[in-house]
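What follows draws every value from the coordinates through simple rules; no lab data is involved. Here the structure is a predicted model, which is why all the values come from computation and not from measurement. All Cβ positions, glycine included, derive from the backbone under ideal geometry; neighbour counts span all protein chains shown.
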Amino acid sequence: MSSPKGLHLLGDDGSFSFRSYTAPHNLYEELSLFATGTVCKLHLPQDRLSRVLERLPALEAFVISQGYPSPKFLSALAKEPVLCPSLKTIAFLDCKMTDKMVYGLEGILVKRGLPTAARLRRVVIVNRKRDLPNHHLISRLRSSIPCVDVRTGDEVLDLL
């Protein structure tokens, strides 16, 4: 969450939540206190993505919420060696999906589809304001990934 600053992790052995109404210097340093190897779902606002993903090797579903995700922000998903080799789904909740962002995401999907990387299976885009990408952008994504789920609403369901 972006306001209040928050982090909620779910894993096979339990969950961890952290919220701060004052802006901590580095919200994600709390991750180093916990065994995060089994975390399978992460809901995150946009900052310090690669540092977080490095600690989550079992991540299967990744939700990015609110704002304007940039290709630079998502480029951590195309790093070698591949971060989060189990990642199957990326979801965007109330994000502005610009042409530039969708083209950047398309490039990441192609790179993760190479034999040396973990292939993503699904992109989910949910927006409560009905501010969804146009048909052309959705078609471009569908040419790079098996499932693109676009809908209006206020929550992302069934990610795993």
Report the label-to-label distance for Asp158 and Asp12 in nanometres (one decimal), using points 7 Å from each Cα along the Cα→Cβ vector.
-> 2.5 nm
Compute the length gained on full extension between Ala35 and Ser75: take 0.36 nm times their separation in residues and subtract their Cα-Cα distance, giving the result in nm to one decimal.
-> 11.9 nm
Pop a pseudo-label 7 angstrom from the Cα along the beta-carbon direction at both Asp149 and Arg19 and give the gap in nm to one decimal.
-> 2.6 nm
Pair Glu54, Asn134: separation of 7 Å Cα→Cβ label points (nm) = 4.0 nm
